[in-house]
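Read-outs: derived from the displayed coordinates by stated rules, not from any lab. Here the structure is a predicted model, which means the values were calculated and not measured. Methodologically, a virtual Cβ is constructed for each residue, glycine included, from the backbone with ideal geometry; neighbour enumeration extends over all protein chains shown.
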Amino acid sequence: MVVCEWLHSNQERVDGLRPHLAAFTYSLLGRLSIGHEALAQAIFFQPELFQLSNGQRSENVQKIFTRELNSEGQVQQLRHSMFIYPPRVSGPTASTSLRCKADTSGRSEDVLPLGKLWMWNTLSSTVTEHGSTRQIVDVISHSLGLLTSLECTNNPRYVEGISKGTKLYHLANICLFPESVISDEFVGPTAQELFQILTTTPDLQDEISLVVDFIRACYDHSRLSRETPRSSDSKKDGESVETLLGSSPSETVGGPLSQKELKALEDFVDDMCGAYVEFGAQYDAFTLFVRFFLRPWFPPKVTASVLSRLHPILNLLTVDGESRPDLMLSLRTSVRGGLPGVDPAARR
């Protein structure tokens, strides 16, 4: 509430501090829990915190969350939270309980906590019957604009708390929306810019972590198993990705990946290749994501699947206007390795 009050009383200073305030509040929103619904709504009612870097004001992201907070199953919880934080326990409309959860007769899924990935999740959410294609494009473009602005401001508060591989996975999901999303004049180029930011890795260690974190985020999002991800008995699921990738990736990031995580990746790559063949090959951003699966630390089975599915159109895996140095860099960071007796590369 302090941030909200400060915004109203210091409008002239907001512009210079907006990136820092935005990073702070986005992180705060992810930490709020049941009972903080009123506080979350107060933050979403601050348009200055969700203004794009070009000065354009948009309320698309705020609208989807305030709508959820005020939905039929949540409005009672929202009203209850108004008497919890800040506490108000007097007067004719005072709450009858100081518990975080309102007493309701029905059962509904709680909106909070949003979790630290809440804004990235807007890029990988399921399309519902409520929104039109235009509304979907508006939400995705607004989220992309805010996230790209954060990545470019060198502000570690919200940026560094999430791995690049996790961000990249959620960003890749925009390719699976209807074609009108990736073809949007703002979404496509912005996604391409954000892709370049996230995949710029200074050394091999970061390159390995990027791929492995991508795979783990894919599994966490897929919900293929009811078990807790990477549980203690995950090794019983079968051959781990450690066997497929070699020892380096698992040692680098602290443990092997399960067979279920590999299966989630295969399903995701299959969906991406299907959409790429159907309409994606004409968009540079989509091409970059497909080429990402050819990087050496992905399982060979996945790489082979991509090359097999796209064999008739492999000539389209180029980006319009890409410079020769950039293309050579892409090739160097793509398929490597060969016959163990001939090629000394680490990958077999």
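One chain, two ends: GLN76 and GLN196. Fully extended at 0.36 nm per residue, the span grows by 38.8 nm beyond their Cα-Cα distance. Karplus-based coupling profile of the stretch 272-283, in residue order and whole Hz: 5, 5, x, 5, 5, 5, 6, 8, x, 4, 8, 10, with θ = phi - 60° in 6.51 cos²θ - 1.76 cosθ + 1.60 and x standing for Gly or Pro.
For the stretch 163-177, the residues whose amide N sits under 18 Å from a probe point set 7 Å from the Cα of ASN121 along the beta carbon direction are 163, 166-174. Full extension of the chain between GLU266 and SER33 gives 80.5 nm of extra length, using 0.36 nm per residue less the Cα-Cα distance. Phi-derived couplings, Karplus 6.51 cos²θ - 1.76 cosθ + 1.60 at θ = phi - 60°, listed residue by residue for the stretch 136-144: 5, 4, 4, 5, 4, 5, 5, 4, 4 Hz, with x used for Gly and Pro. Residue by residue, the stretch 23-39 carries 3J(HN,Hα) couplings of 4, 5, 6, 5, 5, 4, 4, x, 8, 5, 10, 4, x, 9, 4, 5, 5 Hz when phi is fed to the Karplus relation 6.51 cos²θ - 1.76 cosθ + 1.60 (θ = phi - 60°); x denotes Gly or Pro.
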